[in-house]
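Since the structure comes first, as structure tokens, the remarks are kept for the end.
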Amino acid sequence: MAISKEEVKHITHLACLSINDKEINLFQEDLGEILNYVGRLKILKTKKKENVVAKKIFNIFRKDKISAGEPNHKKKNFLREAPDRKDNFFKVPPVFK
């Protein structure tokens with residue numbers, strides 16, 4: 001399916017692209033080839049074909065659990081390694097000034 005230079009210019013305008021005349025010709029050819037391929041796909045008979053979608057859908061993620069947290073000794077080890085801390089918290093530079 002052929003696509004005109006005006007259509008290419010319109011598409012590039014919608015996509016906020018600026019292209020030169022040489023690129024317009026390249027886009028015209030490439031978009032024409034893409035449209036031809038899509039046109040070929042239209043002739044496939046797919047009405048009697050079985051869907052390719054997965055039959056069984058399940059959650060692959062684990063369930064969220066509320067835990068009591070890390071044992072206290074691990075917490076102290078982490079805090080000991082911190083460059084700066086206040087009480088039982090890491091002290092970090094402010095994000096907003």
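Values quoted throughout were computed directly from the atomic coordinates according to the rules given, and no laboratory measurement underlies them. Not measured: the values here are computed from a predicted model. Here the Cβ is made from the backbone with ideal geometry for all residues, glycine too, and neighbour counts use every protein chain on show.
Scanning segment 1-42 for residues that are assigned to a loop (DSSP other than H, G, I, E, B) and among the hydroxyl-bearing types (Ser, Thr, Tyr) returns 4, 18. Suppose we filter segment 11-28 for residues that are surrounded by 12 or more Cβ atoms within 10 Å (Cβ to Cβ) and of a type outside the set (A, V, I, L, M); how many remain? The total comes to 5.
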